[in-house]
Structure formats: structure tokens, C-alpha cells
Amino acid sequence: MKQKLSIFLLALLAVFSTVTGVKADEYLRVGMEAAYAPFNWTQEDDSNGAVPIEGTNQFANGYDVQVAKKIAAALDKELLVVKTKWEGLVPALTSGKIDMIIAGMSPTEERKKEIAFSDSYYTSEPVMVVAREGQFANATSISDFAGANITAQQGVWHVDLLPQLEGAVIQTPMGDFSQMRQALASGIIDAYISERPEALTAEAANKAFKMLTLDPGFEVSPSDAEIAVGMRKDDERIEQVNQALAAFSEEEQVALMDQMIENQPVEEATEEEPSFITQVWNIVVNNWQQLLRGTGMTLLISILGTVIGTGIGLLIGVFRTAPTASSKAMAIVQKVLGWLINIYIEVFRGTPMIVQSMVIYYGTAQAFGLNLDRTLAAIFIVSINTGAYMSEIVRGGIFAVDKGQFEAATALGFTHNQTMRKIVLPQVIRNILPATGNEFVINIKDTSVLNVISVVELYFSGNTVATQTYQYFQTFTVIAIIYFILTFTVTRILRAIEKGFDMDNYTTGANQMQTEVLHD
């Protein structure tokens, strides 16, 4: 059993340590959210000079994309956008997952401690976005927001402007602009701090929003207002990047931004809004391919993660219930392996999967130079997380088997492996089916946390649709329905399997009784 466990773990490591991705000498891999129009957004075709997004059938466009194309041309590279959550951009850069960050990022002093920055390629103007019919729609200065619930995007320089709003009720910073727009539309907040291009986009997409330019406004340092290209500190191409940006005049920057605002895929709001059901149906009809791809990825990760995790749990469960080896040396090895397994179980049961995702995906690249494919990394993360829980479930299932069966097997000369394989595990598998099904359902839902490493699963796809359509409640209603259909279907299938096991056991028992009666 110890040999089988070692072989399985080595094989698993070999599979998931596969180095994948595009060749660094062919492509310039640029990280961005692709969800921050007009700086960057996601679209379904390559119109208006859009470029492919790695690992998807979608394309990215926007001001940042067009700047990235200029830099890629100067470096004689082909541009490839790596769609990455905002909080994952710096880890992705420092771990080598991407070559540059071109995502409307400001060269703040905190970020300069981690990465290097090029010269500026745009200067932002902070503004406020409010509800057009709200209490603060006529505000003209920062002093007019006393009592307002205001927030900003987490991890950006806008958060540093919040203390300047004296008397305002500062809310917890939110993850991205889509969350803030949703909060504003639902009345949870009264305003959020933005930049002029994004605010113009929000205003054009939703007539309920209004952009306010304040006078007097915010006091902003140049390092905050400017936007630059993020690069690794040891990247010697920074001079070439600065040369390319030097040829990009301020007039050209303004013209390009105006062009991107015009080109962004925003549906104009109509005077008569369709019903909620109609909006939900339109989202399904117009985005079913994107949602289907996300659903398929969610199922792939959850199915493989549950199957592999259950296999890990069975191996560990059997190992941990094995009797102590008669050889002193093997007994020591068994004890050490037991300690290591205990550490594995406690670590992965005691830490959130979202943290594990960041550490495994970015940490392995930064510490060991392993460039794991996102999908393989996601399957690995779900598998080892599930394995930690399943090992305890299996151990409990083994201990639930009557001790008399172990004693009878020993009396008949069965080894521990034979006892487990032929007598105990068939009963354990039946007994742990409900818990295994529960883990499967949990994995379907927990794949949503993998969006932090930009795995294009159902939640990630839904969030992309929401940022494209600005219909957040409607989009996430669709996502909730899909999740419910998946979990409901899986639950019913597993219950049918459980009944099948029960029927097989009943038939087997009846046949055995009939055989015994005939024999008598």
C-alpha cells in the first residue's frame, strides 16, 4: 500500500507539473482584467483591432490593448492578452506568468517596491459616479458628499482619496468596478470614485448613472494620476518600452481614448426598459456560448477534482488504518509518512481554497519556476483539497465497519490489503457515497473561487458577461440558475446510484440466503 501511494503521488506530481503556455520568444504576454472599459474589455470577435485572450475563444480590446500593440510591435513580438483578476496582476508578473502589466495601473510607491514601471502613457482625472436621481446628483465639490456612502476599488489609488471626503461614510473598498456599479444601481452606495473614461462608459451604458467632475476636487499626486506599464525589475526591455511610449504624443493619447470610448461594446439604454424576464432571456440568448464554456469548465474541474480527490482519500484512509509494520525500519517510515499526511490534511482543511489557489498557482512559479497551466492547476487544487476532506471521511467509513469482520478476515489468513480490497472497501464506498456526493456539490460551487487565478469557469464567464452588458442582477440570476441546475442534477444522479447499490446488496443477500436454503 505504501508503494502504491508513493507511485500515485509521484504520477500525480508528474502530470500537474507539466510546463505549458506559449513560447516567451514568440509572444508578449500582457496581463489585464479585460473588464475595465474603455481601458480594456472583452469581446467575442477581433473587430476594431482586438487581440486574442489566452486560453479562450474571446478577444480583448481597449486603450490598454492598443498601447500594448504598439509596445509589442516595438519589441517585434506578437501580442497575447492574459486575462487576470486585478489582485492577481502583480503576482502573475513577478512569478513569470505574464511579461508586462498594461491595465490602467498607476506607479504608486507601494507598487514600485515590487515591480518597475515605464514612463506614463495616460494621465487620469478622478471623478465621482452617482445615481442620476439620487440625493447627491447635484454635488459640485468634495465637500458636498457629507453623509454619503462612498467606496472605491480595492488595491488602486482611488482608495487613498476616500479620506478627502470629509463627513462621508466610507464603505469597504470593492473588488472591481462591476461590483461598485452593481452596488450603486441597487442603492447600497451613493457614489464611487472613478476615472473620467470609466465614468463616461458607465454613464453611457446606464442612464441611471451620472458622472460628476468636482471643483474643488481631489488632491492627486502625479504618481497616482499617471498610468504606466508594469514590468519585472530585472526586465532590461524597459528602455525599449519607454522609447515606444515617447513616440506616443499626448494628442495621440487623447485621440485614441476618444476612439476607444466610441468603439467599446456598450448597449445604449432605451427609454422603455424591457421586463426583467426579457432581460434575463436576452442574456442567455446573446451569451449562451460563453456561459456554456464556463459551465463545461466548472463540470470538468469539479468532476475530475472529486474523482481524483476521492482516490487520494481512499489511499490515505487505507494507509492510516493499516497496522504498524513488524519491521522497525518500516515502522519508522510509516510513522513519518503518517506525520506528513497529517500535516497535509490539517493544512488543506484549515486554509481557504482561494488562498491555496494563489499560493499554488503563483507561488510554485515564483519559488520553483513551474509554469502550471491554469486548468491543470485548478484540477490539482480541487483534487488535493477534496483529498484532504475525503481521507477523513474514508477513515470514518473504515472504522464504521464492524471489527468482527476484520477479525474474521485475519483468522482466514487475509492480509490487510486483501481485507481492505475484498471486504472493507466495498462497504466503505457505499457508506461514503452521500458524503462524496456532498463534496461533489461543494466542488461545483467552490470552483467559483478559482476566478482569482483567472480560470474561465462559470462564475468568471458570468462576471465577464455582466461587465459587458452592465446587467449585473440579471446576469447573476442566470448564473445562480445554472449552478442550481448542476447541483440539483448531480444530487439526483447520486441518489439513484445509492439506490442502485442498495438494490444490488439486497439482491446479493437474497441470492446468498436462497443458496444456503437449497444447500440445507
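The values are calculated or read from the model by the stated rules, or taken from the named source; none is laboratory data. Note that the structure is predicted; figures quoted are calculated from it, not measured. Every residue, glycine as well, gets a Cβ built from its backbone with ideal geometry; the counts of neighbours run over all protein chains shown. In case anyone asks, the SASA skips ligands and DNA or RNA and just uses the protein heavy atoms, side chains included. Shrake-Rupley method; radii C 1.70, N 1.55, O 1.52, S 1.80 Å.
Entry note, the chain: the mean residue ellipticity at 222 nm calculated from DSSP H runs of n ≥ 4, each adding -39500 (n - 2.57), is -18000 deg cm²/dmol after division by the residues and rounding to the nearest 500. The gain in end-to-end length when the ALA408 to LEU299 segment is fully stretched comes to 35.0 nm, 0.36 nm per residue minus the alpha carbon separation.
Per-residue Karplus couplings for region 216-232, computed as 6.51 cos²θ - 1.76 cosθ + 1.60 with θ equal to phi - 60°, are listed in order as x, x, 7, 8, 10, 7, x, 5, 7, 6, 7, 10, 9, 8, x, 9, 5 Hz, Gly and Pro entered as x. Straight-line reach from LYS85: taking Cα to Cα under 20 Å and skipping same-chain neighbours fewer than 8 places apart, the lysines in range are LYS97, LYS112, LYS445.
Here's the list of lysines a cross-link from LYS403 could span, going by alpha-carbon distance under 22 Å and ignoring same-chain residues fewer than 8 apart: LYS422. By accessible area, using a 1.4 Å probe on protein heavy atoms only, the chain has 58% of its surface on carbon and sulfur. Less than 5 angstrom separates the built amide H of VAL169 from those of GLY147, ALA148, ASN149, ILE150, all sequence-distant by 5 or more or on a different chain. Each of (1) 28.1, 101; (2) 30.8, 126; (3) 26.6, 90 is a candidate for Rg and Dmax of the Cα atoms in Å; the one calculated from this structure is (1). Separation of region 228-246 from region 103-131 is 15 Å, based on Cα centroids. Each of the GluC sites (Glu not before Pro) that DSSP puts in a loop and that has at most 10 other Cβ atoms within 10 Å breaks the chain; the longest unbroken stretch is 273-520.
Counted over the chain, the DSSP beta bridges are approximately 60% antiparallel. The alpha-carbon of LYS335 sits under 19 angstrom from the alpha-carbons of these aspartates and glutamates, leaving out residues fewer than 8 places away in its chain: GLU346, GLU392. Please work out whether region 118-214 counts as rounded, prolate or oblate from its C-alpha gyration tensor, where a ≥ b ≥ c are the square roots of the eigenvalues and a/c under 1.5 means rounded, while otherwise a/b larger than b/c means prolate and anything else oblate? It comes out rounded by the Cα gyration axes. Extension gain for the segment THR351 to GLN259, taken as residue separation times 0.36 nm less the Cα-Cα distance, is 28.5 nm to one decimal.
In order along region 57-71, the phi-based Karplus estimate (6.51 cos²θ - 1.76 cosθ + 1.60, θ = phi - 60°) of 3J(HN,Hα) comes to 9, 9, 10, 10, 8, x, 4, 4, 5, 5, 5, 4, 5, 5, 5 Hz; Gly and Pro are listed as x. Principal-axis analysis of the Cα atoms of the chain puts helix 328-350 at an angle of about 40° to the longest axis. Go ahead and run the numbers for FRET between ILE429 and LEU292, Cβ-Cβ distance against an R0 of 35 Å, rounding to 0.05. Between ILE429 and LEU292 the formula returns 0.60. Placing dummy labels 7 Å off each Cα toward the beta-carbon, the span from ASN417 to GLU78 is 5.0 nm.
Remark: the GLN366-GLU252 segment gains 37.3 nm on full extension, using 0.36 nm per residue and subtracting the alpha carbon distance.
Between region 154-223 and region 453-473, the C-alpha centres lie 21 angstrom from each other. Compute the acute angle (0 to 90°) between the alpha-carbon long axis of helix 458-469 and the principal axis of greatest extent of the alpha-carbon atoms of the chain; round to the nearest 10°. The angle comes out at about 20 degrees.
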